[in-house]
Amino acid sequence: MNDKELFENNCLPLFWLEDEENFETHQIAPRKDLQTLLAELEDIKNKIDDISAKEWHLAKLMKFHKEGFTTH
């Protein structure tokens, strides 16, 4: 059963498009090699670390803002 038959039988495929001209010509992303995936994962990890550091810094600034800049 092809994609159009699936659609006509009310089984919408994940790549369903409203544009009938492109319906049969959907693109599947090429598979990536392990090194590319590991590099992308490392980039994501670095972004998470950066966001965590910024979150910590903002939490400290909020604490100073709420409590004032007093010394003990």
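The values are calculated or read from the model by the stated rules, or taken from the named source; none is laboratory data. This one's a predicted model, so the numbers in the text were calculated from it and none came from an experiment. Glycine gets a Cβ as well: all are built from the backbone with ideal geometry, and neighbour counts include every protein chain shown.
Remarks
- Any chance N2 is at pLDDT 65 or above and at positive phi: no
- Within the stretch 31-51, residues that are at negative phi have Cβ atoms under 8 Å from residues that are assigned to a helix (DSSP H, G or I) and modelled with pLDDT of 95 or more in these pairs: K32/E40, counting only partners at least 6 apart in sequence or on another chain.
- Conditions (1) assigned to a loop (DSSP other than H, G, I, E, B); (2) at pLDDT 95 or above; number of the one not met by I44: (1)
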